[in-house]
Structure formats: structure tokens, C-alpha cells
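Have a look at the structure below, then the notes.
Nothing in this text is a laboratory measurement; each read-out follows from the coordinates by a stated rule. Owing to the predicted nature of the structure, the values given are computational and were not obtained by experimental measurement. When we count neighbours, we look across all protein chains shown, and the Cβ atoms used for this are built from the backbone with ideal geometry, even at glycine.
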């Protein structure tokens, strides 16, 4: 099981704007920003388990080829809104919202790259 996730950022401010927009559409929010770190967690909670930050080794952040982090939304509408918010906030399209595979009735997702190039998915299981 996952305890927390750190997402490397070349520009924490730009990445923060992207994740503020995406997470805001799926029920999460920025909990803190301090020393180059930004923490995110569910709205209405003190917990946070997703962190955006520069790498500890002080080298430039890079994305992993084949790596992707998927975030759960409640509805198709939340997936759509998160995707649109991400594109408007510095993200790049990696796959518009829709069922995967095309005839699926159990998985609906959208794919984006953040300003550093990290690939994410926002999905729901309708």
C-alpha cells in the first residue's frame, strides 16, 4: 500500500499551479507550501499524502519513462473538469477523457503531463 507520493518538480510554483487546479476538481487541496515543498490532501481534512518538491539530490527533476500516478475522481464530470483545469494550468494532453478501452463501462480516465513532464491519470469507475 502507498503511504505517500513525492512528485519531482523543476519549477515548484508552476507545478503547484497545475496540481492546485487538477486536485481542486477531485476533492483535494493544497495543505501547505514550505521550503520548496507543497503538500496536498483531501478537502476538509488535516491529512496530506501527495507532495510536489525538487529532488533531494539537488539535480534537476526528471520524469520516469513508463511511470504514471493515477488519482481517483468520483465521477466522469470530475475527470473532465480535472483534465480541463490541468490543460489550462500548464499541463499537456496525454489522452482526452474517455473509457479505456473504448468499449469499457468500468473505467473512465484522462491523461496529462505536468509542467515537469510527469504523467498522471485522473480516473473514475462509473
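Among the conditions (1) at negative phi; (2) crowded, with 16+ Cβ neighbours inside 10 Å, residue 90 misses just one, which is (1).
Take residue 122 and decide whether it is in contact (Cβ under 8 Å) with a residue 40 or more places away in the chain, in contact with a helix residue (DSSP H, G or I) (Cβ under 6 Å, 6 or more places away or on another chain) and either surrounded by 17 or more Cβ atoms within 10 Å (Cβ to Cβ) or not in a loop (DSSP other than H, G, I, E, B) (or both). When the stated conditions are applied, residue 122 passes them.
Taking the criterion of being closer than 22 Å to residue 115 by Cα and in a strand (DSSP E or B), the residues of segment 35-53 that qualify are 37, 38, 39, 40, 41, 50, 51, 52, 53. Of all residues in segment 54-97, those satisfying the criterion of being outside any strand (DSSP E or B) and closer than 15 Å to residue 28 by Cα are 73, 74, 75, 78, 79, 81, 82, 83, 85, 86.
Within segment 1-18, no residue that is at positive phi sits with its Cβ atom under 6 Å from a residue that is assigned to a helix (DSSP H, G or I) and surrounded by fewer than 20 Cβ atoms within 10 Å (Cβ to Cβ) at 6+ positions apart or across chains.
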